[in-house]
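To keep things clear, I will list the structure first and then write my remarks on it.
The values are calculated or read from the model by the stated rules, or taken from the named source; none is laboratory data. Here the structure is a predicted model, which means the values were calculated and not measured. Note that each Cβ is placed from the backbone with ideal geometry, even for glycine, and that neighbours are counted across all protein chains shown.
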């Protein structure tokens, strides 16, 4: 199922910005669907892990993209475990505190902007076998 989801999202991941934006949108959407931050993190990482490797990006970009979406947006969904915990402990409804969650709202957008700029994004080196073949 995860491989099929990755195939469906593949056309959106042709560019670096598209890949990060797809990861951010998927992580945020899964937060709303599965209602649990940890499942959202695992599913998003599994869906896009191979794509990031195939495109030659290091794991930090995937990790940062998932963190900037699946992790920080969880408290914004009142039906998620994180949103319910926040509302119960604080005794403040999620929709009341959500407009003040600047980091949670801006972080996914900043992740996409940073990908568009290309700041601190590192490509992995080609494996040794590919270098030997290319030199022959």
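Determine whether residue 122 is closer than 26 Å to residue 13 by Cα, at pLDDT below 90 and over 11 Å from the mean Cα position of the chain (by Cα).
So residue 122 fits the description; yes.
Could you check, for region 95-107, whether at least one of its residues is closer than 26 Å to residue 2 by Cα, in contact with a helix residue (DSSP H, G or I) (Cβ under 8 Å, 6 or more places away or on another chain) and modelled with pLDDT of 90 or more? Let's see the steps before the verdict.
Step one: list which residues in region 95-107 are closer than 26 Å to residue 2 by Cα, which gives 107.
When the remaining residues are screened for being in contact with a helix residue (DSSP H, G or I) (Cβ under 8 Å, 6 or more places away or on another chain), the result is 107.
Imposing the further condition that a residue be modelled with pLDDT of 90 or more reduces the set to 107.
Checked region 95-107: at least one residue is closer than 26 Å to residue 2 by Cα, in contact with a helix residue (DSSP H, G or I) (Cβ under 8 Å, 6 or more places away or on another chain) and modelled with pLDDT of 90 or more.
Yes or no: region 73-85 includes at least one residue that is under 14 Å from the mean Cα position of the chain (by Cα), surrounded by 16 or more Cβ atoms within 10 Å (Cβ to Cβ) and part of a helix (DSSP H, G or I).
Within region 73-85 (the criterion being under 14 Å from the mean Cα position of the chain (by Cα), surrounded by 16 or more Cβ atoms within 10 Å (Cβ to Cβ) and part of a helix (DSSP H, G or I)), the answer is yes, since at least one residue qualifies.
Taking residue 41 as meeting all but one of (1) surrounded by fewer than 18 Cβ atoms within 10 Å (Cβ to Cβ); (2) modelled with pLDDT of 95 or more; (3) farther than 22 Å from residue 123 by Cα, write down the number of the exception.
Exception for residue 41: condition (1).
Name the residues in region 55-72 that are in a helix (DSSP H, G or I) and farther than 18 Å from residue 41 by Cβ, would you?
The initial filter retains those residues of region 55-72 that are in a helix (DSSP H, G or I), namely 55, 59-71.
If the condition is that a residue be in a helix (DSSP H, G or I) and farther than 18 Å from residue 41 by Cβ, then 55 is the only one that fits.
Looking at region 1-24, which of its residues are farther than 16 Å from residue 53 by Cα and either at pLDDT 95 or above or not in a helix (DSSP H, G or I) (or both)?
Within region 1-24, 1, 21, 24 qualify.
Which of the residues spanning region 46-63 are buried (at least 20 other Cβ atoms within 10 Å of the Cβ) and free of Cβ contacts under 8 Å to residues at least 60 places away in the same chain?
If the condition is that a residue be buried (at least 20 other Cβ atoms within 10 Å of the Cβ) and free of Cβ contacts under 8 Å to residues at least 60 places away in the same chain, then 47, 48, 52, 62 are the ones that fit.
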